[in-house]
Amino acid sequence: MNTPETSGRRAVTATELFDRVEAILLKAGLHPVQAAAVTRVIVAAEADDCKSHGVYRIEGVLRTIEAGKVKADAEPALMPDEKPTIVRVNANGGFSNAAFELGAPLLADRAKEYGMAALVINDCTHFAALWPEIEFLTALGVAAMAMCPSYATVAPAGGRYPLLGTNPFAFGWPRKNGNPYVFDFATSVVARGEVELLRRAGKKLPDGWAVDPDGQPTNDPEAALAGALLPFGGHKGSAISTMIELLAGIMIGDLTSSESLEQLGSTTLSPSHGELIIAFSPEAFADHRGRNPFSRAEALFEAIAGQGARLPSERRFAARANSEKHGLILDDTEFETLTRLEAASARR
Ligand code: NDP
Ligand code: PYC
């Protein structure tokens, strides 16, 4: 694993990185509630070595603010309670992260009270990984899933042109001891951010990730970004991605990925749409069956690991432990990005 100060890499503390990123976002005019929430997910991504949603995303956030495609001064608002199991937060055109932080504690309370509940976030701009949200909820003792559309950059299985988003889907199960069980993935073969990082590194894409603007298979990241990514698992990923368009777009009265791209007019800015998070109380579901859902889940996880398979998020948790010990490791490009953005903020 990385160690601090090895060639091309530098260690920063989480607090230092938080302060530096937050200062850049505040200087760009982001409301303090939004700046803090956005910074938390960027720092968490760096701590967990999820580079496609870490420091690399700051410039996209700034571009989106400068283009006026996110309401920088917005504060999220809890909407009136029409149904107790549907918590609604309107992000009021701001980033999704502060809206999630506002609604999530109530979501967990309602899930514990009623067995399950949903958090609907409307009118948000979204760029982040979903696992920080899932881990927030598992820490409160509920199982949870989260999903959202994105903008149209993925061709449906059997199709050739962008229609679906990279539509992330995440799930978490709370564990009494240790880290929760969490997975979080794009429903495309990979997140678009990964393709962008490969483009910057001058590397080729593996076969089967993408098609070019003519719908022909490509290994060139540039052509893939201009064309379309493919869904993971062929028709299966395509169907899950379509489900996300339906539930977290159409059902919650918000934008689909193609509507979002049409409204945004660019894939270089963060897209606007909604998000759906559903939380479950395992105890409430298992209650009348007299079987402990947590000990049974542990047996399942042990059986998976017993075959030599790793649980999802284990890489992240190992990276987090490393960051806690040695600091968060930024490469030269990330360090230069931070310094350059700070200098630009100072000139504002
Ligand atoms: P990956 O394919 O890298 O990882 C997906 C999940 O699978 C992770 O939970 C990962 O855990 C786990 N995993 C990976 N390899 C294995 C393995 N060998 N065995 C068991 N589990 C494994 O992620 P993606 O590229 O699909 O997505 C990256 C991020 O992008 C996500 O956080 C997602 O939320 C975000 N995203 C956000 C979008 C948005 O619109 N906001 C759009 C699309 C994606 P681990 O991390 O430990 O490797
Ligand atoms: O990495 O695919 C992605 C992505 C799109 C929007 C935010 N992340």
Based on this model, can you work out whether R310 counts as open to solvent by less than 70 Å² (accessible area, probe 1.4 Å) and basic (K, R)? no
Here are some residues: D184, D214. Which one is out of contact with any strand residue (DSSP E or B) (no Cβ under 9 Å at 6 or more places or on another chain) and modelled with pLDDT of 95 or more? D214
Test for V38: is it at pLDDT 95 or above and either in a helix (DSSP H, G or I) or within 17 Å of the chain's Cα centre (by Cα) (or both): yes
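The rows are residues; the columns are (1) within 25 Å of A318 (Cβ to Cβ); (2) under 17 Å from the mean Cα position of the chain (by Cα); (3) surrounded by 24 or more Cβ atoms within 10 Å (Cβ to Cβ).
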{"residue": "E113", "(1), (2), (3)": "no, no, no"}
{"residue": "L119", "(1), (2), (3)": "no, yes, yes"}
{"residue": "A144", "(1), (2), (3)": "yes, yes, yes"}
{"residue": "Y151", "(1), (2), (3)": "no, yes, yes"}
{"residue": "A155", "(1), (2), (3)": "no, no, no"}
{"residue": "G158", "(1), (2), (3)": "no, no, no"}
{"residue": "K176", "(1), (2), (3)": "yes, no, no"}
{"residue": "A186", "(1), (2), (3)": "yes, yes, yes"}
If only one of I252, I244, I278 is closer than 24 Å to N97 by Cβ and open to solvent by 20 Å² or more (accessible area, probe 1.4 Å), which one is it? I278
Among D73, D49, D81, which is open to solvent by 10 Å² or more (accessible area, probe 1.4 Å) and either assigned to a helix (DSSP H, G or I) or without any contact (Cβ under 8 Å) to a residue 12 or more places away in the chain (or both)? D81
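Look at segment 170-197 and say how many of its residues are within 12 Å of ligand 2 (Cβ to nearest atom) and not small (G, A, S).
Of segment 170-197, the ones within 12 Å of ligand 2 (Cβ to nearest atom) are 184-197.
Now restrict to residues that are not small (G, A, S): 184-185, 187, 189-190, 192, 194-197.
Qualifying residue count, segment 170-197: 10.
Go over the candidates E275, E194 one by one and state the one that is within 15 Å of ligand 1 (Cβ to nearest atom), of a type outside the set (A, V, I, L, M), more than 30 Å from P84 (Cα to Cα) and in contact with a helix residue (DSSP H, G or I) (Cβ under 9 Å, 6 or more places away or on another chain).
E194
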Given (1) in contact with a Leu (Cβ under 8 Å, 6 or more places away or on another chain); (2) without any contact (Cβ under 8 Å) to a residue 60 or more places away in the chain; (3) not hydroxyl-bearing (S, T, Y), number of the condition L26 does not satisfy: (1)
Only unsatisfied item for G29, checking (1) open to solvent by less than 60 Å² (accessible area, probe 1.4 Å); (2) closer than 30 Å to E314 by Cβ; (3) modelled with pLDDT of 95 or more, is (2)
Run S313 past the list (1) within 12 Å of ligand 1 (Cβ to nearest atom); (2) of a type in the set (S, T, N, Q); (3) in contact with a helix residue (DSSP H, G or I) (Cβ under 6 Å, 6 or more places away or on another chain) and report the number of the one that doesn't hold. (3)
Of the residues in segment 213-238 that are loosely packed, with under 15 Cβ neighbours inside 10 Å, touching a residue at least 60 places away in the same chain (Cβ under 8 Å) and more than 16 Å from ligand 1 (Cβ to nearest atom), the one that is farthest from A201 (Cα to Cα) is H235
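Out of T267, T337, I need the residue that is hydroxyl-bearing (S, T, Y) and within 13 Å of ligand 1 (Cβ to nearest atom). Which one? Before the answer, list the steps.
Numbers: T337 fails: within 13 Å of ligand 1 (Cβ to nearest atom).
Of T267, T337, the one residue that is hydroxyl-bearing (S, T, Y) and within 13 Å of ligand 1 (Cβ to nearest atom) is T267.
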Complete set of residues in segment 121-142 that are open to solvent by 10 Å² or more (accessible area, probe 1.4 Å), in contact with a helix residue (DSSP H, G or I) (Cβ under 7 Å, 6 or more places away or on another chain), of a type in the set (A, V, I, L, M) and farther than 16 Å from C50 by Cα: L140
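The values are calculated or read from the model by the stated rules, or taken from the named source; none is laboratory data. Bear in mind the structure is a predicted one, so any value in this text is a computation, not a measurement. Neighbour counts are summed over all protein chains in view; Cβ atoms, including those assigned to glycine, are modelled from backbone coordinates with ideal geometry. Note: accessible area is taken over every heavy atom of the protein model, side chains too, but ligands, DNA and RNA are not part of it. Shrake-Rupley method; radii C 1.70, N 1.55, O 1.52, S 1.80 Å.
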